[in-house]
Every structure is written in structure tokens, then in C-alpha cells.
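Right, one structure below, let's go through it.
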Amino acid sequence: PSYNPNNFNNFGLYVKNATDSVNMYDGTMNIISGYAMVDMAVARKVRVIAGARIENTDMKSESLDASKEVGEINETDLLPSLNIIFNLKENMNVRLAYNRTIARPTFREISPFSSFDFQGGVVWLGNPDLQRSVIDNLDLRWEYFMRPGEVLSVSAFYKDFKDAIEVVDNPIAPNPELSWFNAKEASVYGFEAEFRKKIDFINALKNFRFGVNVTLVESIVKKDREEYESELAVDPSAEDTRVMFGQAPYIVNSFLNYENEKLKLESNLVFNVTGPILVIVMKKGTPDVYQQPRPDLSLNVSKGLGKRFKVKLEMENLLDASYKQTQEYKDKEYIYEEFNLGQTFKAGISYTIK
């Protein structure tokens with residue numbers, strides 16, 4: 001039978017094209033670049049690696065709905081780089097480094113259309129006014145290589161951001177709506193320490209190797225006028241700065257490795273955790289949303305059988321800590337979103353053909 005939307009007595013299967021041009025776009029990006037670099041020893045124990053890269057970014061995202069604004073970036077960036085390495089000893093260095101980098105938005109972030117996130121239940125809206133971020137990086141690092149595969153290092157770093165890309169909530173939308181915007185001024189500084197060592201100085205532990213990396217970070221973002229004034233209306237003591245989107249105040253990564261060539265046995269236990277991370281910048285005085293620390297522990301074990309067989313067992317997310325996003329108001333925590341992924345166990349066997 002012919003399809004008549006006003007006739008409810010029709011029976012059968014009908015297909016209706018509900019395509020909306022406002023939710024379709026064409027995206028193009030062309031990058032033209034070139035670089036020059038020099039690597040030379042300026043003294044017996046001083047090495048300099050210097051250069052510069054020039055990049056032209058031509059990026060455009062255009063909705064098939066002609067009434068929508070075009071997302072476009074057309075910029076030429078000069079990206080200098082300088083590394084100075086001081087060789088204090090044969091196995092000890094001090095490195096001083098500066099470089100400039102850029103971070104471009106994705107097509108999804110710059111495209112003028114909205115999409116529904118079925119998992120989070122929010123609408124994501126692209127921002128055609130979004131610009132690329134420019135980051136100046138400065139690092140000072142001391143490193144000591146005790147033996148092959150062993151290292152002790154300490155470093156300090158500073159990063160200056162122009163137009164850092166952050167996720168922001170739309171406070172006037174009738175339903176939850178998230179988008180991206182540029183924070184004009186932001187900076188990050190901190191310290192990092194790394195240690196990797198074989199434990200063969202204890203005979204019973206000679207097949208073990210241990211490593212840990214700890215990073216402590218302080219981040220500062222200058223709030224825009226709308227964000228700051230809306231907070232002042234709720235809290236007169238509110239500061240005009242906040243932490244940076246996506247930046248944890250601390251990061252810890254560690255591992256314990258066992259390797260026995262005679263037994264053809266190898267295992268790796270990995271643990272990592274990060275501090276609370278700002279994941280949604282809220283407006284109109286509403287508390288920001290933070291991803292709370294989620295410790296993660298994983299174990300991999302492999303065993304060779306004969307000359308060609310190997311069995312492997314992978315165990316991931318053993319602690320099954322929850323993904324929890326929260327907001328805090330008057331020293332009380334409110335759940336924004338929370339879920340568990342569960343633990344994952346994988347087993348496999350492989351055969352090598354020679």
C-alpha cells in the first residue's frame with residue numbers, strides 16, 4: 001500500500017528519510033610545513049640541538065546547512081626549538097630545553113552541529129569559533145643512567161598556553177549541553193621524578209625490575225569575565241583564576257617487572273593513579289565538574305612452552321575503581337556521573353612459525 005502518514009489503517013514496513021542537513025558537514029584540513037635543524041658540539045661537554053619548524057594550517061568545517069557558521073582556521077606558525085645538553089659525566093646529563101608547539105581542534109570540536117551522547121545523556125555542540133592552542137614549553141632535567149635500563153632523573157617544567165581548548169557547559173540550554181571554547185590565558189608548572197632500577201643487588205630478587213614516575217603539577221587559568229562575574233554573584237570571595245581543564249595536580253605511574261629467560265617466564269604489574277581533574281567548566285556560578293582519582297592495577301603474565309608455544313594471561317582493572325565525576329558545594333560532594341567498567345581477563349596461546 002502507498003504510505004499515508006494520516007492513515008493509521010495502513011499495514012506494512014515503511015522507510016522514511018529523516019536526514020537533516022544541519023547535522024551533516026564537510027571537513028578539510030591541509031598542513032604545509034618545513035623545518036631546519038642543527039646538531040653540534042659547542043664545547044667538549046656541551047651539545048646544542050636547535051631548529052625551527054614552520055607550519056601553515058588550513059582547516060575548514062562547513063555544515064550542509066548554509067545558514068550555519070563555517071568553522072575555519074588559517075594560521076601560519078613558527079615553532080622554534082632549542083636543546084642544550086651538558087654532559088657532567090659519561091652517564092650523567094643536564095638538559096635545558098625550550099620549544100613551541102600547537103594543538104589543533106578536531107573536526108568534531110569545530111564543526112557547527114550537535115550530537116547526542118547516548119552514554120552520558122548530553123548534547124555536544126561544536127564551536128566554529130574555536131582556535132588552535134599555542135604552547136611554549138620550558139624544561140630543565142637532570143638524569144643519571146646507572147646501568148642500561150636504569151635511570152634516576154628529576155626535572156622542572158613550565159608551559160604557557162594561549163587559547164587552551166576546554167570543555168564548557170551551556171547554562172541556558174534546556175537540556176544538558178556541552179561545547180568547547182578557548183581559555184585565553186593559562187599556565188602549568190611543576191616537577192617530575194623518575195626512577196627505574198633492577199633489584200639484582202638482592203639475590204632472591206635478581207629477576208625483578210622496579211620503576212616509578214611521579215609528577216606534581218600546578219595549573220592556573222585566568223577566568224573569562226562572564227565566568228568570574230557569575231561566580232562572584234554566588235560567592236563574593238571567589239578568585240579570578242582556577243585550575244586548567246584536563247590537568248591533574250599529581251600523576252603516579254609505577255611497575256614491577258619479573259623476567260626469567262631460563263624459565264621463559266615474564267610478568268608485569270602496573271599501577272597508576274591521577275589526582276582530581278577538571279572535566280567540565282560550568283558557568284553562571286554552578287560548581288565545576290571534576291573526575292575523581294581512580295587507581296588502576298593491571299597484571300600481565302606470559303610463559304613460553306617448548307620452542308614455539310607461548311601462553312599469555314592479561315588481567316586489567318583489578319581494583320575495579322569507579323569512574324566518578326562530582327561537583328562540590330559548601331564542602332559537600334554531589335555525584336554528577338558514576339559507573340564501573342568491571343574487570344577484564346584475557347587468556348591466549350600463540351605458536352611461532354619459523
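The values are calculated or read from the model by the stated rules, or taken from the named source; none is laboratory data. Please read all numbers here as calculations on a predicted model, not as lab measurements. Virtual Cβ from ideal backbone geometry, glycine too; neighbours counted across all protein chains shown. Ligands, DNA and RNA are stripped out before the accessible areas are found, and what is left, the full protein with its side chains, is counted by its heavy atoms. Shrake-Rupley method; radii C 1.70, N 1.55, O 1.52, S 1.80 Å.
Brief remarks follow.
- Rounded to the nearest 0.05, the FRET efficiency derived from the C-beta distance between Lys354 and Leu205 at R0 = 30 Å is 0.35.
- Accessible surface, the stretch 245-300, averaged per residue in Å² (probe 1.4 Å): 47 Å²
- Taking label positions 7 Å along the Cα-Cβ direction at both Met315 and Leu140, the computed distance is 4.5 nm, reported to one decimal.
- Relative contact order [Cα under 8 Å, 6+ residues apart], the stretch 230-354, whole percent: 19 percent
- At 1.306 mPa s and 10 °C, Stokes diffusion of the stretch 188-304 via Kirkwood alpha-carbon radius, µm² per second: 91 µm²/s
- Placing pseudo-labels 7 Å out from each Cα toward the beta carbon at Asn268 and Val94 gives an inter-label distance of 3.4 nm.
- Cβ-placed point charges (K, R +1; D, E -1), dipole of the stretch 126-180 about Cα centre in debye, nearest 20: 260 debye
- Among the GluC sites (Glu not before Pro) found in the stretch 150-238, those both in a DSSP coil and sparsely packed, with 16 or fewer other Cβ atoms within 10 Å of their Cβ, are Glu150.
- Selection from Met37, Asn127, Pro293 lying farthest towards where the dipole of the chain points positive, charges on Cβ: Met37
- Cα Rg over Rh - the chain, Kirkwood: 1.05
- Carbon and sulfur %, accessible surface of the stretch 196-354 computed with the full protein complex present, 1.4 Å: 55 percent
- Potential lengthening of the chain between Asp160 and Gln119 amounts to 11.4 nm, from the contour at 0.36 nm per residue minus the alpha-carbon distance.
- Charge dipole of the chain about the Cα centre (unit charges at C-beta), most positive-ward option of Phe245, Asn170, Ser114: Phe245
- Net +/- balance of residues flanking Arg100 in space, Cβ distance below 15 Å, scoring K and R +1, D and E -1: -2
- Cα gyration tensor category, rounded, prolate or oblate, for the stretch 163-241 with a/c compared to 1.5: prolate
- Cβ-defined net charge surrounding Asn56, 13 Å radius [Lys, Arg +1; Asp, Glu -1]: -1
- Among the chymotrypsin sites (Phe, Trp or Tyr not before Pro) in the stretch 131-240, those placed in a DSSP loop whose Cβ has at most 13 other Cβ atoms within 10 Å are Phe201.
- The dipole here belongs to the chain: it is taken about the Cα centre, uses +1 on the Cβ of Lys and Arg and -1 on the Cβ of Asp and Glu, and is about 2520 debye.
- For the stretch 224-280, the normalised intensity computed at q = 0.26 Å⁻¹ comes to -1.02 (log10 of I(q)/I(0), Debye sum over alpha carbons, equal scatterers, no solvent).
- Charged neighbours of Asp296, selected by a Cβ distance under 13 Å, balance to -1 (K, R count +1; D, E count -1).
- Here the extension length gained between Asn175 and Phe86 equals 26.4 nm, from 0.36 nm per residue of separation less the Cα-Cα distance.
- Whole-number percent relative contact order across the stretch 60-207, with pairs defined as alpha carbons under 8 Å at least 6 apart: 19 percent
- Angle of helix 225-234 to the longest C-alpha principal axis of the chain, folded into 0 to 90 degrees and rounded to 10: 80°.
- Relative contact order (%) - the chain, alpha-carbon pairs under 8 angstrom, separation at least six: 8 percent
- Neighbour cut-off at most 10 other Cβ (10 Å), DSSP loop, trypsin sites (Lys or Arg not before Pro), the stretch 249-302: Lys262
- 222 nm mean residue ellipticity, helices alone, for the chain (DSSP H n ≥ 4; -39,500 (n - 2.57); rounded to 500): -1000 deg cm²/dmol
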